[in-house]
1. When only residues in segment B:32-48 that are exposed (fewer than 15 other Cβ atoms within 10 Å of the Cβ) and part of a helix (DSSP H, G or I) count, which is farthest from the other protein chains (Cβ to nearest Cβ)?
2. In segment A:46-86, how many residues are assigned to a loop (DSSP other than H, G, I, E, B) and away from chain B (no Cβ under 12 Å)?
3. Kindly state which helices (runs of 4 or more DSSP H) lie completely within segment A:102-187 and contain at least 3 residues that are within 30 Å of A:Asp46 (Cβ to Cβ).
4. Which is within 28 Å of B:Glu49 (Cβ to Cβ) and either more than 13 Å from the chain's Cα centre (by Cα) or surrounded by fewer than 14 Cβ atoms within 10 Å (Cβ to Cβ) (or both), of A:Asp173, A:Asp117?
5. Can you tell me how many residues within segment B:98-117 are modelled with pLDDT under 90 and not in a loop (DSSP other than H, G, I, E, B)?
6. Find all pairs meeting these conditions: Cβ atoms under 7 angstrom apart; at least six residues apart or on different chains; first residue within segment B:57-76 and in a helix (DSSP H, G or I); second residue aromatic (Phe, Trp, Tyr).
7. What pairs come up if the first residue lies in segment A:40-65 and is at positive phi, the second is part of a loop (DSSP other than H, G, I, E, B) and acidic (Asp, Glu), and their beta carbons are under 9 Å apart, counting only those six or more places apart or on different chains?
8. Identify, from the list A:Val70, A:Val61, the residue that is aliphatic (A, V, I, L, M), over 23 Å from A:Gly123 (Cβ atoms) and within 14 Å of the chain's Cα centre (by Cα).
Amino acid sequence: MGEAQKGLLSVIEKLKGTTEQEVRIVLLGLDNAGKTTLLKSLASEDVNTITPTQGFNIKSVASHGMKLNVWDIGGQRKIRPFWKKYLENTDLLIYVIDSADKKRFEETGLELSELIDEENLKGVPVLIFANKQDLATASPASEIAEGLNLHTYRDREWQIQACSAVSGEGVQDGMNWICNNIVNKKK
Amino acid sequence: MAEDDSEWVVESIVGYLGSPEWVIPVTDFMENKCTVFDAEDENKLSYTEIHQQYKNLVEKLLENYMQEVGINEQQFLTACTSPYAKSKTLQVVFQPVLATDDFQMFRSLMVRKNMELQLQALRVIKERNGALPECLTDGVDVMTELQQQEMKILEEVLKKSKEEYDEEMSRRVLLEEEVGSTSSGCSDNPMAESSKQLISSSASSQEISTVKVNGKSIISEQRKTAAPEGGDGKSAAKIGSSAKPDCGSKTVESRVLPAVRAPVKCDEPHASSSPQTKTQSSSNQTAETWLEEAHREAGFSKPFTELSASQQEQLQQRAAYLRQQRDKLHALKREQQKNKQATTTEEPPTSPTPAPTTTPAISAEERKKLQKRKHLADKLKEEVIKK
């Protein structure tokens, strides 16, 4: 594990008969950030019956003529060590932050910076969703960006997008950024 | 030339994928690992580990074969992407190979395999016993209904217990503040006096633990007095079950919790659960006040650190206790259901269904498993019928 697939497996990878461009997206963030809600909202599914994720969820979303395979992995502390097993061959990282959970801004910042340093995510574009903007106590995206020192990221594309996974506001804007970015990158 | 070449390669690979050298290890792997794969939407973390193992296995097998036959990766790739290999029938053959790269496909293969095994198991049971045991055929509705009822009861109990616990905690905090500043006037309650005697007599240590023990004895006594007040046939059950949330909220407890006894019989457990919790909560409250008084009389002021340490312990005890209680409930429900079935179905049981009396408390987990299996069986039946 840990390194890109080599040999036969990479050959098999090319065997898939789909003409569509497939994109692997990993959706991470602290527990209760709203990852699964975001995933379900991307897949136009009901977002009212979501429970804390113990494992992971996968949804495939068609967008801009691409097939986005989004992997949402549980964010509880005890699951976080497993994150790095899912980073291989990732085309894009979505990092979700609960904008109203100010107490854990530092924690979420640490987790993000650890991810950024992962070898498997080298140069991989990052979209940060400043989620839960529907809450009155939510911090604005600009403030969060500053707290995370996003402006110091020079080795990759990044974007921060205010959103509310519950209402769906801002989610599409983020997806548009993703699609534009990946189209640019892959061509 | 290249066409012919790729056709030969494809045929050779397809032949290999149908040979025992491939089929046996791959099937073995799937059968061994498929049991954790269920039809739930959410994936377990263990799936990833198994998928990785599968990748390694397939890679090893294919590599060995290709080396043996003399196919290189490029040939393999061109062969497999040729239009010949893209035909529908061959795509099915290639599925296990493609599953290395496609987690979703792998998952669905494993889920299907798991279902197949379950169906096989059912068939074996049927062959052996002539019919499926009752618990695997009908009664699904009854079970789910029962389960719902159980859940309701459990929720109720948990809620009540939590409420009382919170109440208790807040009172404790209050008490913390009061003790030391005011020495309250003691009541002429005989119970409190008895507790005072107990305290003075137990000269072993001036620790809070003595208070705890005393407090406990008061409460258990109180329980005895409270029970007859119920005044009906269910009082015995009340005692048994009132012991439960009591212990949960009786946070002073530091000793072994009293043995729990599931209600002997309750036809409408839901209905009977509310009065019992009511009487129990009142008894709990009075016991609480007595405990408080005993506490003041003793003149102890509890160090806060110790309280929080014991709180943790209590929480653990509480959790363990609730678990125990849940198992008891499950066991009880099972027995009830068995009895019901025994009475409603007059037909002689052709299958060796274990007698209700000989099956004591089947653990909650086993029950859950059984339920899942049944669900799966139903699903399979449905699918088979559809086909």
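The values are calculated or read from the model by the stated rules, or taken from the named source; none is laboratory data. In this text, all values refer to a predicted model and were calculated from it rather than measured experimentally. Quick reminder, even Gly has a Cβ in these numbers, built from the backbone with ideal geometry, and neighbours come from all protein chains shown.
1. Filtering segment B:32-48 for residues that are exposed (fewer than 15 other Cβ atoms within 10 Å of the Cβ) and part of a helix (DSSP H, G or I), the one farthest from the other protein chains (Cβ to nearest Cβ) comes out as B:Asn32.
2. From segment A:46-86, those assigned to a loop (DSSP other than H, G, I, E, B) are A:46-55, A:64-65, A:74-79; that's our starting set.
Checking the rest, the ones that are also away from chain B (no Cβ under 12 Å) come to A:47-48, A:64-65, A:75, A:77.
Qualifying residue count, segment A:46-86: 6.
3. Values: elements: A:105-116, A:141-147, A:171-186.
Ranges flagged: A:105-116, A:171-186.
4. Values: A:Asp173 fails: within 28 Å of B:Glu49 (Cβ to Cβ).
Just a single option satisfies the conditions, and that option is A:Asp117.
5. 1
6. B:Leu57/B:Phe29; B:Leu61/B:Trp22; B:Tyr65/B:Tyr16; B:Met66/B:Phe76
7. Sorted first by the residue in segment A:40-65, then by its partner, the pairs are A:Gly65/A:Glu20.
8. Numbers: A:Val70 fails: over 23 Å from A:Gly123 (Cβ atoms).
Testing whether each residue is aliphatic (A, V, I, L, M), over 23 Å from A:Gly123 (Cβ atoms) and within 14 Å of the chain's Cα centre (by Cα) leaves just A:Val61.
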